[in-house]
Every structure is written in C-alpha cells, then in structure tokens.
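The values are calculated or read from the model by the stated rules, or taken from the named source; none is laboratory data. No experiment lies behind these values; they were computed from the predicted model shown. Every residue, glycine among them, receives a Cβ derived from its backbone with ideal geometry; neighbour counts consider all protein chains shown.
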Amino acid sequence: MRLPPRRRGQRHTQGQALVEFALVLPIALLILLGIIQFGFLFSSQIGVINAVRETARFGSTSPLSDVATASTNGANVCTYLENTAMTRVPGYSIGNVVGSGATYVKYESYPDPHDPPDTYSIRMTVHIEYKHPLVVPIVSAILDGLDGTNDSHFQLGADEAMRVENPVLTTDPGMSGGSAVKVNC
C-alpha cells in the first residue's frame, strides 16, 4: 500500500499519540493507584468504627457497680475488641493495634439526668488507634508521613461511648471526675 504524497508545508505527525500517552500514563496510574489505596483505607476505617461500636454495645450489657468490677469488665471488653470485633477489619493484625494507652476502655459515673442527685449512671467509652498497612507502593510513599510517622502504615482511630445497662444505682460507684476507671488494651 502506498501513502499519498505529502503536500508542501504539511507536517508528519505519526507517533504523536504515543508520546502524549507516555506523558499522561504516570499521572493516570498515580490517580488510579491512589483511588485503590484510599478505598482500602476507607474500608478499614468503616470496619474499625463498626468494631468499636459493636464492642461498646457488648460491654454496655455487663452491669457493674464498683471499681473492681469495672476493671474486670474493661479487660474482657479489651479482649473482645482485639480478638473478635477487629478481626472483621480488612487486613487486620493484632500487632498493628497501638498500645501505650492509645487503645482503652474507660468507665465514668455521673448523676442520672432523669433523677439527680439520687441515682447514678455509668458511661463506658471504647477507643482504639489502629495502624493500617499501606499496600500500594507508589501511593504509600506519599501518604506514609501524613499521620506523623514514616512506618508504611496509616493510623486510623475511632471511639464510642454508651451508657452501661445497670440496675438503678443509689450511691456513686466512685468513678466520677478524675476517678474514672481506664483499662489500657
């Protein structure tokens, strides 16, 4: 097959699309990989929120009336959070749960708003910090330092507070103000 002869002044443009594609491809790949990495992160954040909510509901059904019971229940709630509820988070590893007081269960008592000052209620707060691994190499190099550390992980967190389902407490269980019971996980 023979190509028609070129006219005078007409430029030869064969291969131009390949050069434009080579210029656009890295940017398009970065955007695509970023969407994939953020999809993983958002999925894990939703899983962490659901796990904390489920754990708070689990812990709020155990009645307590003193500091010793709160400490025991708090330890059980921590175990449930780390070994049961969080296992539903995509890519979960117990080694990625942040310790040193960043993940905890806290109990606080307060005067019942429906019958103050004669009765008391107890509020339980479950908090977790979780370092989700960054799995997309190019994007992880960009996202890695955004949470304050360069460790190939992105820190996610969630907390939930619920009232403990207790029978009516007529005396303060001693967990109000600065006397809250905090159990580190």
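Structural remarks
- Lone unmet requirement of (1) surrounded by 15 or more Cβ atoms within 10 Å (Cβ to Cβ); (2) more than 18 Å from ILE36 (Cα to Cα); (3) modelled with pLDDT of 85 or more for ALA161: (1)
- Number of the condition not met by ILE46 [criteria: (1) surrounded by fewer than 16 Cβ atoms within 10 Å (Cβ to Cβ); (2) in contact (Cβ under 8 Å) with a residue 40 or more places away in the chain; (3) within 20 Å of VAL135 (Cβ to Cβ)]: (2)
- Selection status of THR125, in contact (Cβ under 8 Å) with a residue 24 or more places away in the chain, out of contact with any Phe, Trp or Tyr (no Cβ under 7 Å at 6 or more places or on another chain) and more than 26 Å from ALA75 (Cβ to Cβ): no
- Across the range 49-91, the number of residues qualifying as acidic (Asp, Glu) and outside any helix (DSSP H, G or I) comes to 1.
- Condition broken by VAL136, with the remaining ones in (1) among the β-branched types (Val, Ile, Thr); (2) under 11 Å from GLN37 (Cβ atoms); (3) loosely packed, with under 13 Cβ neighbours inside 10 Å satisfied: (3)
- Subset tally (residues that are buried (at least 20 other Cβ atoms within 10 Å of the Cβ) and either under 27 Å from VAL136 (Cα atoms) or touching a His at 6+ places or on another chain (Cβ under 8 Å) (or both)) for the range 76-91: 3
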